[in-house]
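The values are calculated or read from the model by the stated rules, or taken from the named source; none is laboratory data. Because the structure is predicted, anything quoted here is derived from the model rather than measured. Please note: Cβ atoms are built from the backbone with ideal geometry, for glycine as well, and neighbour counts cover all protein chains shown. All accessible areas refer to the heavy atoms of the entire protein, side chains included, with ligands and DNA or RNA removed. Shrake-Rupley method; radii C 1.70, N 1.55, O 1.52, S 1.80 Å.
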Amino acid sequence: MILRLSALKAARNAWGGKQDKRQQNEDSPMRQMTIIGFMQAQNCTTLPSSWRHPQSRTDSMSVGYYQEIARILEAGKFHMAFFDDRLAMPDRYGNDHAHAVEYGIRCVKMDPIVVLTAMATVTENLGLAATGSTTYFEPFDLARRFATLDLMTGGRVGWNVVTSVNDGEALNMGKDEHLAHDLRYDRADEFMEVVLGHWDTWEDGALIVDKARGHFADPAKVRRLDHQGRFFRSRGPFTVPRSPQGHPVIIQAGASGRGQRFAGRWAEVIFTPFPTRAMVREGYTGYDAARREAAQAGRDPDQVLICKLTTPVCAATKSEAEDKMALIQKLSLEIDALSLLAEGLNFDFGAKPIDEPLTTAELQSMQGMIPIRDMVVKASGKANPSTRDFLTYGDRSKPFDAIVGGPKEVADELEELFVGRACDGFVIAATHVPGSYADFVEYVVPELQRRGLFHQDYSGKTLRENLGLQRPAAGAWKPEPRVAAE
Ligand SMILES: Cc1cc2nc3c(=O)[nH]c(=O)nc-3n(C[C@H](O)[C@H](O)[C@H](O)COP(=O)(O)O)c2cc1C
């Protein structure tokens, strides 16, 4: 890897002399893209086949593996490393985990906060974000874990708020089945109030640490929350002081109408797979709708960054990148796709003959990532698609919305999406690790920087500063009329 990073430096220097107009005026407030590394604390990337890639590291359960990725992302000035999470291995297909274990389909899933802590120790500026469920954790516990890492890293942390996806998670976490969709979101709203409430209970400046006078902190600046609501009770006082960025950045990826309303109320970064490039070509973006949700919730839409999932497969030239992609495509198996569809939609596709149309009742019983179902119905043109249609139009085992090319081709596509306001930035998925991230940093980042589309360096110390998000005042999250924290 040392070689790859020095090659990156050389590439940067080579490009340094040829900066174009967009970049010449360093003071111009030019809109620049947010770039996020999409990570998994598991045995593969989002692609189950990635562990079989000839250039994948095989020690994905080691500290060194995650620290190498952290160093690559920071060398490439990524705003953050962002971990997804799931509280179960994929076992909805055939109601059995054997296939997931045998083929390595996301069967190892470690705690992302622990992994982020390892990454924090070898980085200075990289943002560190993880997914945390509002359905299966207690708000106090989650608030404390994220606040701890945020405080210890000087304010570099983000929390991706999810309501979780399937019954496997429910069964692991003491429930019989996954909660109904909208109820999960009602619960999630109150969860947010408890978490953000606790995060506000230590005022800035509460810590004194005066050895001579024997005063550690100011009791007038630390209060109890005393929350009693429909779903949660939590008294406080909270046990972690406020971090330099106030509190962790809130990320959200709900795709349903209810999910988008939730994002409008809470999200500072929206993580979305859509629009795909095909959707953009048809004129759809969804960008304005997401911003409208924030405005309707009484928030400033400019304080919400919409970041789109994308999978760049890049190399020095387009033809080399195409060769890479051909290899990646060959690695995936049908069982990878069947298993991920079943776990994502909380539906056992193994219970039906592959070509038999699913009944309307079966389609309606699906939960979790409903947009995949809707996408398959639309793309197949069938009201009742079969499992094979799901494999054709909703395959989660293949690179999502891949952009295959050399530096120019990949940068062109990202620039078009960004400048055309399909999004404010990108969540970069990896086809194999660490190669995918290293390729992006080596080939694409310098080209984006040369075009002035991506920052040359971190502008601040905290994640909020680097993302251009305001430091939240205590109580700023409360709906109008806002009340200052007592
Ligand atoms: C791009 C994307 C990434 C997601 N990542 C996760 C994840 O890591 N863990 C999880 O439990 N749910 C994840 N979800 C699920 C959602 O956050 C949400 O809880 C679920 O999709 C149900 O809400 P919805 O119907 O509004 O989409 C993800 C959803 C999307 C669209």
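Of all residues in the stretch 366-386, those that are more than 10 Å from the ligand (Cβ to nearest atom) have Cβ atoms under 8 Å from Cβ atoms of residues that are open to solvent by less than 30 Å² (accessible area, probe 1.4 Å) and among the acidic types (Asp, Glu), 6 or more apart or on another chain, in Val376/Asp389; Ser380/Asp389; Lys382/Asp389.
If we keep just the residues of the stretch 321-365 that are in contact (Cβ under 8 Å) with a residue 24 or more places away in the chain and among the polar types (S, T, N, Q), which is farthest from Val101 (Cα to Cα)? In this case the residue turns out to be Thr360. Whether any residue in the stretch 310-327 is within 16 Å of the ligand (Cβ to nearest atom) and either buried (at least 19 other Cβ atoms within 10 Å of the Cβ) or not assigned by TED's automatic domain parsing to the domain that holds Trp159 (or both) is what I want to check. Yes, there is a match, as at least one residue in the stretch 310-327 is within 16 Å of the ligand (Cβ to nearest atom) and either buried (at least 19 other Cβ atoms within 10 Å of the Cβ) or not assigned by TED's automatic domain parsing to the domain that holds Trp159 (or both).
Of the helices (runs of 4 or more DSSP H) that lie entirely inside the stretch 420-473, those containing 1 or more residues that are closer than 20 Å to Phe83 by Cβ, open to solvent by less than 10 Å² (accessible area, probe 1.4 Å) and out of contact with any Phe, Trp or Tyr (no Cβ under 6 Å at 6 or more places or on another chain) span 435-439, 463-467. Filtering the stretch 255-273 to residues that are open to solvent by less than 20 Å² (accessible area, probe 1.4 Å) and either among the small types (Gly, Ala, Ser) or within 6 Å of the ligand (Cβ to nearest atom) (or both) leaves Gly259, Ala263, Gly264, Ala267.
Among the residues making up the stretch 74-88, those that are more than 10 Å from the ligand (Cβ to nearest atom) and either among the hydroxyl-bearing types (Ser, Thr, Tyr) or not in a helix (DSSP H, G or I) (or both) are Gly76, Lys77, Phe78, His79, Met80, Ala81. Can you tell me which residue in the stretch 365-387 is nearest to Ala88 (Cα to Cα), limited to those that are open to solvent by 50 Å² or more (accessible area, probe 1.4 Å) and part of a loop (DSSP other than H, G, I, E, B)? So, considering only residues that are open to solvent by 50 Å² or more (accessible area, probe 1.4 Å) and part of a loop (DSSP other than H, G, I, E, B), the one nearest to Ala88 (Cα to Cα) is Met369.
A single entry from Leu333, Leu327, Leu345, Leu358 fulfils the requirement of being touching a helix residue (DSSP H, G or I) at 6+ places or on another chain (Cβ under 7 Å) and modelled with pLDDT of 95 or more: Leu333. Filtering the stretch 376-414 to residues that are among the hydrophobic types (A, V, I, L, M, F, W, C) and either at pLDDT 95 or above or more than 21 Å from the chain's Cα centre (by Cα) (or both) leaves Val376, Val377, Ala379, Ala383, Phe390, Leu391, Ala402, Ile403, Val404, Val410, Ala411, Leu414. Outside the structural domain of Leu151 (by TED's automatic domain parsing) and either hydrophobic (A, V, I, L, M, F, W, C) or closer than 25 Å to Thr285 by Cα (or both), is that true of Ala473? Judged against the criteria, Ala473 is a match. Which members of the stretch 232-254 meet the condition of being within 16 Å of the ligand (Cβ to nearest atom) and open to solvent by 40 Å² or more (accessible area, probe 1.4 Å)? Scanning the stretch 232-254 gives a single hit, Ala253.
Inside the stretch 135-158, can you point out the residues that are under 19 Å from the mean Cα position of the chain (by Cα) and either within 12 Å of the ligand (Cβ to nearest atom) or assigned to a helix (DSSP H, G or I) (or both)? Thr135, Tyr136, Phe137, Leu142, Ala143, Arg145, Phe146, Ala147, Leu149, Asp150 - these are the residues of the stretch 135-158 that are under 19 Å from the mean Cα position of the chain (by Cα) and either within 12 Å of the ligand (Cβ to nearest atom) or assigned to a helix (DSSP H, G or I) (or both).
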